[in-house]
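Student: Right, I'll just put the structure down here and ask away after.
The values are calculated or read from the model by the stated rules, or taken from the named source; none is laboratory data. Since this is a predicted model, take the numbers as computed values, not measurements. Cβ: placed from backbone, ideal geometry, glycine included. Neighbour counts: every protein chain shown. The accessibility values were calculated without ligands, DNA or RNA, using every heavy atom of the protein model including side chains. Shrake-Rupley method; radii C 1.70, N 1.55, O 1.52, S 1.80 Å.
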Amino acid sequence: MKEKLQELEKEALLKVNEAKELKDLQEVRVAYLGKKGPITEVLRGMGKLSKEERPVIGELANKVRENIANELDGKKSTLEAIELEKQLENETIDVTLPGRPVQIGGPHLLTSIVGEIEDLFIGMGFEVREGPEVETDYYNFEALNLPKGHPARDMQDSFYITEDILLRTHTSPVQARTMGEYNGEKPVKMICPGKVYRRDTDDATHSHQFTQIEGLYVDKDVRMSDLKGVLNRFAKEMFGEDREIRLRPSFFPFTEPSVEMDISCKVCNGKGCSVCKKTGWIEILGGGMVHPRVLEMAGYDPDVYNGFAFGMGPERIAMLKYGVDDIRHFYINDNRFLKQYHKA
Ligand code: 2NL
């Protein structure tokens with residue numbers, strides 16, 4: 001019995017020594033000290049021993065159990081320390097590594113251009129006004145001398161919501177509303193930037209939704225030369241002091257007379273190239289003297305008041321200024337395009 005206990009002790013201590021992981025130790029603990037283990041078995045069989053043997057074997061068995069338990073606890077601490085060390089090593093963070101770059105945003109090219117144009121006209125005394133994108137037929141067409149049956153009102157060209165309500169096809173209704181607010185008494189000097197909608201098939205030069213900036217100056221004694229002066233200033237501020245402008249006769253239902261403005265081509269300096277189609281001039285915007293019927297409908301007496309108006313497409317302005325070749329670039333929102341126009 002004594003030898004068996006000593007043999008068990010030796011065996012157990014050897015296994016504790018060989019254990020490499022905490023789970024190996026747990027196996028040894030169960031195998032030798034567990035309820036079904038050999039030492040428990042010895043202690044259970046004590047009844048069969050003689051009176052003299054009983055205390056000797058009992059003491060030895062307890063001692064063996066204690067030794068094994070002590071060894072197990074000691075080894076457990078060692079293995080736990082090693083495992084913690086390993087874990088710390090794996091979880092090390094190199095605080096000297098450079099950080100991941102954060103992408104910095106900026107205004108959309110169109111937002112910048114519209115802001116630039118606004119600032120320019122604010123500098124010439126215009127106020128900036130906005131209005132609804134969902135408009136009534138009256139303000140979008142009727143008040144602008146586009147009566148029912150006019151070819152420019154074709155159902156096919158506009159997004160109608162009801163027979164009487166549509167997505168505005170230009171920003172002019174904002175101007176018609178403002179003139180109405182001013183009661184036909186006060187002068188109006190305003191620009192109105194905003195989104196407009198037309199039923200068009202999208203391609204490089206057309207979009208079903210785009211932006212427009214229109215301007216209106218109504219007062220006593222406003223002349224075509226005032227329009228020319230304001231637009232000349234705009235063209236030079238926008239495209240450079242060495243640009244020339246020219247006005248050509250044109251037609252719009254809401255202005256009479258009507259004009260279109262060209263700027264001298266900056267690519268060839270007016271000599272003629274592929275950009276200006278060999279003409280030396282590039283069309284920028286349209287305008288004219290406000291039609292007397294439009295003034296009248298808004299409550300202004302056309303014998304006392306007159307005015308000029310103009311309209312332009314900021315996408316077109318940006319395309320010409322920065323050489324953008326497809327209007328869809330403004331709306332696809334590919335960051336490779338957009339970020340080129342973020343100022344540092
Ligand atoms: C263009 C031409 C234009 C106007 C817009 C206007 C507004 C009122 C009265 C009279 Cl309330 N006219 N706006 C006039 C002429 C031309 O736009 O080509 N835009 C892109």
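Student: Suppose we keep only residues that are surrounded by fewer than 16 Cβ atoms within 10 Å (Cβ to Cβ) and not in a strand (DSSP E or B) within the stretch 237-249. Which one would you say is nearest to the ligand (Cβ to nearest atom)? Walk me through how you get there before you give the answer.
Tutor: Of all residues in the stretch 237-249, those surrounded by fewer than 16 Cβ atoms within 10 Å (Cβ to Cβ) come to 240-242, 244, 246, 248-249.
Filter again for not in a strand (DSSP E or B), leaving 240-242, 244.
Working: 240: 22, 241: 24, 242: 24, 244: 20 Å.
This residue is 244.
Table: residues versus (1) within 25 Å of the chain's Cα centre (by Cα); (2) of a type in the set (D, E, K, R).
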| site | (1), (2) |
| --- | --- |
| 112 | yes, no |
| 127 | no, yes |
| 131 | yes, no |
| 149 | no, no |
| 156 | no, no |
| 160 | no, no |
| 170 | no, no |
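Student: Is it the case that some residue within the stretch 108-115 is out of contact with any strand residue (DSSP E or B) (no Cβ under 6 Å at 6 or more places or on another chain), touching a residue at least 40 places away in the same chain (Cβ under 8 Å) and among the hydroxyl-bearing types (Ser, Thr, Tyr)? Working first, answer last.
Tutor: Restricting attention to the stretch 108-115, the residues satisfying the condition of being out of contact with any strand residue (DSSP E or B) (no Cβ under 6 Å at 6 or more places or on another chain) are 108-113, 115.
Still in the running and touching a residue at least 40 places away in the same chain (Cβ under 8 Å): 108-110, 112-113.
Now restrict to residues that are among the hydroxyl-bearing types (Ser, Thr, Tyr): 112.
Yes, some residue in the stretch 108-115 is out of contact with any strand residue (DSSP E or B) (no Cβ under 6 Å at 6 or more places or on another chain), touching a residue at least 40 places away in the same chain (Cβ under 8 Å) and among the hydroxyl-bearing types (Ser, Thr, Tyr).
Student: Which condition breaks for residue 211 when tested against (1) surrounded by 21 or more Cβ atoms within 10 Å (Cβ to Cβ); (2) more than 29 Å from the chain's Cα centre (by Cα); (3) among the hydroxyl-bearing types (Ser, Thr, Tyr)?
Tutor: Failed condition: (2).
Student: Out of 184, 131, which single residue is of a type in the set (Gly, Ala, Ser) and more than 13 Å from the ligand (Cβ to nearest atom)? First the steps, then the outcome.
Tutor: On the way: 131 fails: more than 13 Å from the ligand (Cβ to nearest atom).
The conditions single out 184.
Student: Before we move on, is residue 216 out of contact with any Phe, Trp or Tyr (no Cβ under 7 Å at 6 or more places or on another chain) and farther than 19 Å from residue 330 by Cβ?
Tutor: Taking the combined requirement at face value, the residue satisfies it.
Student: Can you confirm whether the stretch 157-171 contains a residue that is free of Cβ contacts under 8 Å to residues at least 12 places away in the same chain and either in a strand (DSSP E or B) or open to solvent by less than 10 Å² (accessible area, probe 1.4 Å) (or both)?
Tutor: Yes, that holds for at least one residue.
Student: Give just the number: which of (1) of a type outside the set (Val, Ile, Thr); (2) under 30 Å from residue 334 (Cα atoms); (3) not assigned by TED's automatic domain parsing to the domain that holds residue 192 does residue 116 not satisfy?
Tutor: (3)
Student: With 225, 258 as the choices, which residue is open to solvent by less than 20 Å² (accessible area, probe 1.4 Å), over 36 Å from the mean Cα position of the chain (by Cα) and either touching a residue at least 40 places away in the same chain (Cβ under 8 Å) or under 25 Å from residue 301 (Cβ atoms) (or both)?
Tutor: Answer to the selection: 258.
Student: Applying the selection to the stretch 286-330, what residues are touching a residue at least 40 places away in the same chain (Cβ under 8 Å), open to solvent by 10 Å² or more (accessible area, probe 1.4 Å), under 29 Å from residue 180 (Cβ atoms) and of a type outside the set (D, E, K, R)?
Tutor: 289, 290, 291, 297, 298, 299, 304, 305, 306, 309, 311, 313, listed by residue number.
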